[in-house]
1. Could you work out how far apart the two model spin labels at residue 423 and residue 245 are, taking each label as a point 7 Å from the Cα in the direction of the beta carbon, and quote it in nm?
2. For every other residue with a beta carbon closer than 10 angstrom to the beta carbon of residue 136, add +1 if it is Lys or Arg and -1 if Asp or Glu, then tell me the sum.
3. Shape of region 101-205 from its Cα gyration tensor (a ≥ b ≥ c, root eigenvalues): rounded if a/c is under 1.5, otherwise prolate when a/b > b/c, or oblate?
4. State, to one decimal in nm, how far the label point of residue 76 lies from the label point of residue 231, with both points 7 Å from Cα in the Cβ direction.
5. Hey, which lysines would be in cross-link range of residue 354, C-alpha to C-alpha under 21 Å, not counting anything within fewer than 8 residues on its own chain?
6. Which value, in Å³ per residue, describes the convex hull spanned by the Cα atoms of the chain?
7. Pulled fully out, how much extra length does the chain show between residue 173 and residue 279, if you take 0.36 nm times their separation in residues and subtract their Cα-Cα distance?
8. Output ³J(HN,Hα) for region 295-300: one whole-Hz value per residue in order, computed from phi by the Karplus curve 6.51 cos²θ - 1.76 cosθ + 1.60 with θ = phi - 60°, and x for Gly and Pro.
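FYI, it's all coordinate maths here, none of it is from the lab. Only a predicted model underlies this, so the values are computations on that prediction, with no experimental measurement involved. Here the Cβ positions follow ideal geometry from the backbone for every residue, glycine too, while neighbour counts run over all protein chains shown.
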Amino acid sequence: MTRSIPVQAVPAELAADDVAHDECGVLGLSTPHGDGVAQLAFFGLFALQHRGQEAAGIGVSDGRRARVHKGPGLVSTVFSPDALKPLTGYHAIGHTRYSTTGSNAERNIQPFLVETMHGPLSLAHNGNLVNATALRDELLNRGFGLTATSDTEVFTLMLAAAGGRTWQERIERTLPAWKGAFSLVILAADQVIAVRDPWGFRPLSVGRLPHGGHAVASETCALSTLGCVDIDEVKPGEMVTLRGAEIDRQQVLAPQPNGARCTFEFVYFSRPDSVWAAKSVHHVRQQLGVELARESMVDADVVIPVPDSSIPAAIGFSNESGLPFNDGLIKNRYIGRTFIEPTQDIRERGVALKFNALSENLEGKRVIMIDDSLVRGTTAGPLVKLVRDAGASEVHLRITCPPITHACHFGVDMGHDDDLMAARLTVAEMQAHIGADSLAFLSLDGMMRAVAGRDSGGDDGYCNACFTGDYPLAVGDAQAKLAFEGVLH
């Protein structure tokens with residue numbers, strides 16, 4: 001593991017503000033020739049950087065031994081040419097992390113690597129186990145010593161202790177015990193195995209590498225970066241084994257009759273050039289804007305996005321409404337997450353660290369500002385003020401999803417219900433708090449028309465629990481993010 005300055009708490013003003021955070025991105029690949037497998041993993045992770053900026057890691061095996069290099073920070077800072085050089089082999093997995101279960105301490109950085117009686121085992125995952133507390137207690141009662149506080153360690157140790165002749169048999173025997181959301185990549189000495197939960201909460205796709213072998217990744221954009229062809233979604237409940245030029249696909253758990261794809265992948269998480277459920281994320285976001293314009297049009301002069309994820313929706317809103325689209329806010333795309341304590345002057349500037357307003361596009365204008373979501377409500381007000389201070393005569397805020405009123409227990413860090421602005425305030429109260437001239441959210445039916453081409457309450461292939469409170473499986477045992485932080489390192 002890379003050793004560096006301990007990760008410190010990020011000041012609230014410089015955190016990722018009023019957005020939900022996806023836990024991570026995962027990647028796995030296997031090649032018959034082993035040329036540059038770690039480099040391929042690096043570039044695949046680079047394409048998944050948007051899914052987690054706290055830490056990154058790559059594990060590689062050469063048929064006998066496995067090695068892992070991981071550390072806090074962005075992919076480009078964790079991996080240098082010297083760090084990649086020892087990672088030689090034929091098979092690799094990788095991970096970019098934002099923590100949901102377990103803190104952002106170094107001991108929770110993935111992939112995990114253990115030595116077992118069956119050889120090395122390394123694992124990384126995207127998602128969240130709602131029964132991690134019970135499974136962790138069971139491991140402790142069986143005498144296991146746990147070194148981390150994330151549910152990834154629970155996956156790893158349960159597999160290491162499972163019976164069976166092959167890793168596929170051990171996975172198949174252990175899978176029914178895991179309740180919740182998970183897209184897993186597993187590295188053994190001579191293969192990579194990917195598994196997806198039977199609900200299909202988090203995305204996972206597989207493709208064929210251009211010079212032999214195969215790769216799996218959280219999003220198709222990573223597979224496209226690696227030049228993959230024949231890209232296909234890993235089915236809910238499916239296990240995919242990659243071994244050199246060979247690929248084996250096996251349905252090991254029956255998919256749930258009503259799937260639970262996370263609609264927030266389309267609203268915010270996924271990169272716009274990814275495809276999921278045979279739908280272009282960019283196209284869906286444009287349709288979110290179209291539906292929003294149909295539902296909540298107001299007299300205005302210009303439509304602007306809160307960059308970057310809201311740009312397609314603002315284009316869709318503009319096209320449907322006939323109002324011109326223009327840039328009103330410019331985002332500093334390189335600020336990322338900073339661990340340097342700001343001065344008081346910088347702290348007071350808050351959102352101005354991430355955005356600057358273009359007064360020449362806003363002065364004297366009635367502005368419709370499009371944003372993808374409103375979670376805690378910490379940056380919407382400062383953004384409205386920023387646009388007003390740049391000369392806008394009116395600021396109307398439009399949100400491309402319904403109000404988020406319930407916490408997610410399936411791999412998205414939204415905080416608790418009490419942290420959510422819409423769980424505490426009415427729309428009118430939120431509007432007053434933010435200081436907008438008007439505030440409107442896209443309806444659930446409008447969102448589902450854009451996502452799935454139909455009206456839906458969220459029980460037809462998608463999970464909308466954060467909007468409705470209707471969870472697709474029981475979450476009574478779901479743990480808080482830092483529930484396992486009893487042992488401090």
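1. Simple spin-label model gives 5.4 nm for this pair.
2. On the way: positive: none; negative: 137, 138, 151, 153.
Net local charge, residue 136 excluded: -4.
3. Details: a/c = 1.24, a/b = 1.03, b/c = 1.20.
Since a/c stays below 1.5, the shape of region 101-205 is classed as rounded.
4. Taking the simple label geometry, residue 76 and residue 231 are separated by 2.2 nm.
5. 331, 385
6. Details: hull volume 68.1 nm³, N = 489.
Dividing the Cα hull volume of the chain by its residues yields 139 Å³.
7. On the way: separation 106, 0.36 × 106 = 38.16 nm, distance 3.32 nm.
That pair, residue 173 and residue 279, stretches by 34.8 nm at full extension.
8. Working through the residues one at a time gives 8, 9, 5, 8, 4, 7 Hz.
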